[in-house]
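Notes for the one structure printed next.
The values are calculated or read from the model by the stated rules, or taken from the named source; none is laboratory data. These figures come from a predicted structure and were not determined experimentally. Here the Cβ positions follow ideal geometry from the backbone for every residue, glycine too, while neighbour counts run over all protein chains shown. Quick note on the areas: whole protein, heavy atoms, side chains included, nothing else; ligands and nucleic acids left out. Shrake-Rupley method; radii C 1.70, N 1.55, O 1.52, S 1.80 Å.
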Amino acid sequence: ATTRLSSNVLPPVLPGVPLIMVIEDNKINQRLLRDIIRIEGWRSVEAETASDAMQILRMLEIRGEVPSAILLDVRLPDRSGLCLTREIKGSARWGQVPIIAVTALAMKNDAQRVLDAGCDHYIAKPISVTELIETVQNYVR
């Protein structure tokens, strides 16, 4: 059973202000990412599961908006973040949205697996705030 999200999960529309989507099931990590995004002056919208993320993307689409970038945890409770990446990247609507994997997977071949799935960039946890900000800036300019 899919939960119906209320449209009040969406931030206000502010033309010219980047919207960063955070897909992360850990509340502490989600809050940290959201705080960093907001301190930078960007807007954020958060999802805890892959299905919530797709629902939020559809709600944004209805109001004519697409995220400027997506920060994605690879391990989500309902589905792999890599499967979600392939779905988003395979879509005509969202295929161009940069996806930055933020994940604890830290083995050498993990990074390659994440990039092969379609993620544009990879940041290992624990995150460096500076690296995160610089990476997102590179995609939202």
Tally of residues being open to solvent by less than 40 Å² (accessible area, probe 1.4 Å) and either of a type in the set (Val, Ile, Thr) or on the phi > 0 side of the Ramachandran plot (or both) across region 88-141: 14
Matching residues in region 9-29 - criterion: being assigned to a helix (DSSP H, G or I) and either open to solvent by 60 Å² or more (accessible area, probe 1.4 Å) or under 15 Å from Ala69 (Cα atoms) (or both): Lys27, Ile28
Which listed residue is out of contact with any Ser or Thr (no Cβ under 7 Å at 6 or more places or on another chain), at pLDDT 95 or above, closer than 13 Å to Leu19 by Cα and assigned to a helix (DSSP H, G or I), from Ile37, Ile56: Ile56
Cβ pairs under 6 Å, 6+ apart, first in region 26-46 and farther than 18 Å from Asn8 by Cβ, second of a type in the set (S, T, N, Q) and at pLDDT 95 or above: Ile37/Ser44
Residue match in region 96-113 (condition: over 22 Å from Asn26 (Cα atoms), of a type outside the set (Lys, Arg) and not in a helix (DSSP H, G or I)): yes
Unique match (being within 28 Å of Arg113 (Cα to Cα), surrounded by fewer than 16 Cβ atoms within 10 Å (Cβ to Cβ) and either at pLDDT 95 or above or not acidic (Asp, Glu) (or both)) among Arg75, Arg63: Arg75
Residue within region 132-139 that is part of a helix (DSSP H, G or I), of a type in the set (Phe, Trp, Tyr) and under 26 Å from Pro15 (Cβ atoms) present: yes
